[in-house]
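The values are calculated or read from the model by the stated rules, or taken from the named source; none is laboratory data. Small disclaimer: the values here were computed from a predicted structure and weren't measured. Quick reminder, even Gly has a Cβ in these numbers, built from the backbone with ideal geometry, and neighbours come from all protein chains shown.
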Amino acid sequence: MNIIERIIADKARVPSVKAKDEITVPVDLVMAHDVTGPMAIEQFYRIGTAKVFDREKVVFVIDHNIPSSSVDSRLQHNTLKKFYREMGVKLYHQGDGVIHQLVAEEGLYKKGDIIVGADSHTCTAGAFGAIAIPVGATEMAAVMALGTIDIEVPATYLIEVKGSLNPGVFAKDVILYIISKFGTGGFTDTAVIFGGDAIRRMSYDEKMTISNMAIEMGAMISYVDQGDDIGEVEETFAIDASEIEPQVACPYSPGNGRPVREVEGTPISQVIIGSCTNGRLSDMEIAARVLEGKKVADTVTMIVVPASKRIAQQMDEKGFTKIFRKAGAIVVNPGCGPCFGAHQGLLCEDDVAVSTTNRNFPGRMGHKKAKVYLASPRTAAESAIAGYIVNSESHLQRGVD
Amino acid sequence: MEKVKGCVFFLGDDIDTDQILPGYAMSVPASQLGQYALKGSSIPDFVEKVQSGDVIIAGRNFGCGSSREQAPEALKQAGVGAIVADSFAMIFRKNSINIGLPIITSECIDELKKDISEGDVVEVDIEEGKLLHVKSGKTYELNKLSPQALAIIKAGGLINRVREILRERGELDDH
């Protein structure tokens, strides 16, 4: 058995499992947010059971429309609050942060746990060695009632990034490069392990960035090598770290990764730094260092959205918030707002954005013709100053760093 | 299980969940989701065109992206009777089955796109894995659903199955 199969077998209390086995697995944490949770709750009530399987293990986080962006979104908040009062489940509703960041910070799971989340970026938790499975509302309701999930054990693939990353290449560049190589359906229904010394050397912040975007290749499970014996996998893909240049995923797919230099000079009108992909303190530090003493181009609207309240507080303490505001950026409250196209910075038809978020599908951030380039915080911050897409390596050579 | 009969709409590869149900529509009351089906796609006026039982034929990786169950729910409410595609993204596939929206893969998508015109009437037999092009009388093979998926669709969705499990455990008092 490989590491994924061992965790599943241990949890299910069976001697062994293999790919394609159908198995029922107990769940250690089940979670949803304000735009998936209400549907899950509605389905839960349809089941007709009086209580959730374990109220300590059911968590809701209001992060998508916070503060509420419409009357309907406020209704969704209140649905979660009502369920919290009735069932005694956990609820975070005071702008505490994006669900994936918050549950990690709060220590609501640990290595080897099984997590079920009604959000596709649930896979972020693979950074810490948890098996995190994304589901929709109805399956979330079923898990809240039963405390278990029925899965088909996935085939496991290993992606190894070996060697040293080039200067100016960050975790985001690595994952955009990987997605461009394997495509948006490249690992549908499978488990993907990210390993190799270049990944193992990364901080947890960076590992979260990598793990977060495994869903953009269709993966069921993402797992970052924790130094345990990985075991036998279906196939191993080796990537030489030195071949990775700073990347942007061009419109309209996270799979359209290309070296930044190929689109350098593209005029932009908005920059977003944040999200569950790149809204952590180390991301903010990278952006703040670039922006210190500089000004955002007067043609650019720059939005900074920390991934959690804790990160926002640390940004204040370290002076990053001040740097961003002095540079002309809008620092908004922690949440998902700008990333998913409901509020806090929607784009219109002729807008072009550089964003550190995870998706650039048509209409993801507003008008379906608006163009979004996904990039690292470094590329995003430098582009904000220039008013066009900038290849960070070229700045490095000019001695800006 | 009754066959699905309706007109065909074609869509391409990688139809993501933002195209199927845009983020801004994720907060509308559940009963109104149908009004936003495919609003972000190449057929933004789909809701005005679609009739109950119509069939979407699409390419690879249909439903990629978000876990939003609002996406298949919107299609179901709009009247979509079945989706036939090269392949589906995992969460979308599970969500569709869990809410009882028949989705099915086929190796014949290229052939279907060549032989059938948009708006032609087809009849889809989910249980047997067949698609009949009514005008030509030609039948195409679809990949049968797994027994588990078929059972959920027949039961009218996952919720009914969970009720069965809880009833067996004596944890559901619904008498």
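Brief remarks follow.
- Test result for A:Glu105, touching a Lys or Arg at 6+ places or on another chain (Cβ under 9 Å), among the acidic types (Asp, Glu) and surrounded by fewer than 22 Cβ atoms within 10 Å (Cβ to Cβ): yes
- Within the stretch B:85-93, none of the residues are surrounded by fewer than 24 Cβ atoms within 10 Å (Cβ to Cβ), under 18 Å from B:Gly119 (Cβ atoms) and more than 8 Å from every other protein chain (Cβ to nearest Cβ).
- On the stretch given as the stretch A:181-217, residues that are of a type in the set (Ser, Thr, Tyr), more than 14 Å from chain B (Cβ to nearest Cβ), crowded, with 20+ Cβ neighbours inside 10 Å and farther than 21 Å from A:Ile151 by Cα total 1.
- Residue count for the stretch A:63-101 under the criterion of being surrounded by fewer than 20 Cβ atoms within 10 Å (Cβ to Cβ), within 21 Å of the chain's Cα centre (by Cα) and assigned to a helix (DSSP H, G or I): the result is 0.
- Residues in the stretch B:55-80 that are surrounded by fewer than 24 Cβ atoms within 10 Å (Cβ to Cβ), more than 14 Å from chain A (Cβ to nearest Cβ) and in a loop (DSSP other than H, G, I, E, B): B:Gly79 only.
- Failed criterion for B:Gly119 (all others in (1) assigned to a strand (DSSP E or B); (2) touching a Cys at 6+ places or on another chain (Cβ under 7 Å) hold): (1)
- Scan of the stretch A:367-401 for residues that are touching a Gly at 6+ places or on another chain (Cβ under 7 Å) and modelled with pLDDT of 95 or more, ordered by number: A:Arg378, A:Tyr388, A:Ile389
- The condition (being more than 10 Å from every other protein chain (Cβ to nearest Cβ) and in contact with a Lys or Arg (Cβ under 6 Å, 6 or more places away or on another chain)) is satisfied by just one residue among A:Ile149, A:Ile114: A:Ile114.
- All positions within the stretch B:17-43 that are touching a strand residue (DSSP E or B) at 6+ places or on another chain (Cβ under 8 Å) and closer than 22 Å to A:Pro38 by Cα: B:Thr17
- Flag if A:Val35 is within 13 Å of another protein chain (Cβ to nearest Cβ), in contact with a strand residue (DSSP E or B) (Cβ under 9 Å, 6 or more places away or on another chain), among the aliphatic types (A, V, I, L, M) and assigned to a loop (DSSP other than H, G, I, E, B): no
- One residue alone among A:Phe60, A:Phe53 is modelled with pLDDT of 95 or more, outside any helix (DSSP H, G or I), touching a Leu at 6+ places or on another chain (Cβ under 9 Å) and within 19 Å of B:Ser67 (Cα to Cα), and that residue is A:Phe60.
- Annotation: of all residues in the stretch B:25-54 being closer than 21 Å to B:His133 by Cα and in a loop (DSSP other than H, G, I, E, B), the one that is farthest from the other protein chains (Cβ to nearest Cβ) is B:Gln51.
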